[in-house]
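The values are calculated or read from the model by the stated rules, or taken from the named source; none is laboratory data. Just so it is clear, the structure is predicted and the values come from calculations on it, not from any experiment. Positions of Cβ are backbone-derived with ideal geometry, glycine not excepted, and every protein chain shown enters the neighbour counts. Accessible surface is based on the protein model in full, side chains and every heavy atom, while ligands, DNA and RNA are left aside. Shrake-Rupley method; radii C 1.70, N 1.55, O 1.52, S 1.80 Å.
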Amino acid sequence: MKSRNLILLTILMAVSSTMMAQENIKKAFDALRQSRSQEETYSNHFLEKDPDTGLMEGMSDEYEFKTTYPDGKRLVTAIRQAFDKDEQAAYSVSTGSHGGAENYTSLAVGNGNKGGVAIGLMKDSKWIYACFLDPEDTLRIHRYAYALEWVEKKDGSIVGRIVKTYATTQKFRQRRSSSKWIINGHEINIPTTLNGVFNESGSETWLSRFNNLRTLFQKKSEGAAANSWATQIYKLCKEASSLDASEKKMVIQVIQKLKTQTNDEFIQQLFDVSIERLKK
């Protein structure tokens, strides 16, 4: 029981770091895109959210560029150095060269069912990519991936691309049909359907959804977005039959703290009603 409570407390109270582990890479990517010494040749952006929670489920951001020496070389070098700085925080890093149709990889987007973004497909390119767990995902099943691919031409120019994607981890996609999960070093059972989708009756899944909404509300506790997160918390509390008494008590304590973070009377009332639902 003690071990179970520890797991649940970790799920609920884990607070994401405000500084992403891949902060150096993000800054280097932004520096390249904002530089006047490079030319954008192609860009593409894709975003997919859960319609019920508003949480991101999949994303890809592709940007292709052309630049010349020496400024372009410095920009590419800066990105490569950024990967080195953030490498310790990544759970996977890969490099390659001699790119082409016979030698490339693909970075998954979302649940991987819609394919991914190819890295290493440019002829004679070099590339590097790194994967980082999403610090806001307490179940540790989503990740961000960042990639740089470039080709140094004989005329002194550089053509390349930078890519960012959001998806479930490869380990999750390989094991999503299993009901055994490791969360912060502990094995728990999370009910699943045959296609690997979470059964919403599980208390761990309920708590995970609540924790995601809690995190979103803490980031923006006023306005339309906060109203949406509070409403979804209320809907969750109306369907809290999977929680036992100790779990409900823990959730009530969290909601009471959330209530103090807003001056919106309607949201405060929603939280009061949510608490009443949990006490039944």
Lone unmet requirement of (1) closer than 22 Å to Asn24 by Cα; (2) in contact (Cβ under 8 Å) with a residue 24 or more places away in the chain; (3) open to solvent by 20 Å² or more (accessible area, probe 1.4 Å); (4) not in a strand (DSSP E or B) for Asp124
(1)
Of the criteria (1) loosely packed, with under 13 Cβ neighbours inside 10 Å; (2) within 20 Å of Lys153 (Cβ to Cβ); (3) not polar (S, T, N, Q), which one Glu102 fails
(2)
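If you go through region 226-267 one residue at a time, how many are farther than 19 Å from Pro51 by Cβ, part of a helix (DSSP H, G or I) and either open to solvent by 70 Å² or more (accessible area, probe 1.4 Å) or not hydroxyl-bearing (Ser, Thr, Tyr) (or both)?
First, the residues of region 226-267 that are farther than 19 Å from Pro51 by Cβ: 237, 240-267.
Subsequent filtering for residues that are part of a helix (DSSP H, G or I) retains 237, 245-259, 265-267.
After this cut, where a residue has to be either open to solvent by 70 Å² or more (accessible area, probe 1.4 Å) or not hydroxyl-bearing (Ser, Thr, Tyr) (or both) as well, the list is 237, 245, 247-259, 265-267.
Total meeting the criteria: 18.
Are any residues in region 268-280 of a type in the set (Asp, Glu) and surrounded by 12 or more Cβ atoms within 10 Å (Cβ to Cβ), and if so, which ones? Talk me through it step by step, then tell me what you get.
In the first step, residues of region 268-280 are kept if they are of a type in the set (Asp, Glu); the result is 272, 276.
Scanning region 268-280 gives a single hit, Asp272.
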Among the residues in region 196-210, are any among the β-branched types (Val, Ile, Thr), closer than 20 Å to Ala108 by Cα, open to solvent by less than 80 Å² (accessible area, probe 1.4 Å) and modelled with pLDDT of 75 or more?
no
Just give me the residues in region 62-78 being open to solvent by 40 Å² or more (accessible area, probe 1.4 Å), out of contact with any Phe, Trp or Tyr (no Cβ under 8 Å at 6 or more places or on another chain) and either in contact (Cβ under 8 Å) with a residue 40 or more places away in the chain or in a helix (DSSP H, G or I) (or both), in sequence order.
Lys66, Thr68, Tyr69, Asp71, Lys73, Arg74, Thr77, Ala78
Could you figure out which of (1) under 18 Å from the mean Cα position of the chain (by Cα); (2) at pLDDT below 90; (3) of a type in the set (Val, Ile, Thr) isn't true of Ile188?
(1)
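Working only within region 107-121, note down all residues that are out of contact with any Asp or Glu (no Cβ under 7 Å at 6 or more places or on another chain), open to solvent by less than 50 Å² (accessible area, probe 1.4 Å) and within 21 Å of Glu152 (Cα to Cα). Give the steps one after another, and end with the answer.
Residues of region 107-121 out of contact with any Asp or Glu (no Cβ under 7 Å at 6 or more places or on another chain): 107-109, 111-116, 118, 121.
Going one step further and asking which of them are open to solvent by less than 50 Å² (accessible area, probe 1.4 Å), we end up with 107-109, 112, 115-116, 118.
Ala118, the sole residue that qualifies.
Anything in region 36-53 that is outside any strand (DSSP E or B), open to solvent by 90 Å² or more (accessible area, probe 1.4 Å) and of a type in the set (Asp, Glu)? List them, or say none.
First, the residues of region 36-53 that are outside any strand (DSSP E or B): 36-37, 50-53.
Subsequent filtering for residues that are open to solvent by 90 Å² or more (accessible area, probe 1.4 Å) retains 36, 51-52.
If the condition is that a residue be outside any strand (DSSP E or B), open to solvent by 90 Å² or more (accessible area, probe 1.4 Å) and of a type in the set (Asp, Glu), then Asp52 is the only one that fits.
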Out of (1) buried (at least 21 other Cβ atoms within 10 Å of the Cβ); (2) touching a residue at least 40 places away in the same chain (Cβ under 8 Å), the one Gln81 does not meet is (1)
Take region 1-46 and flag every residue that is modelled with pLDDT of 50 or more, of a type in the set (Ser, Thr, Tyr) and under 26 Å from Val117 (Cβ atoms).
Ser35, Ser37, Thr41, Tyr42, Ser43
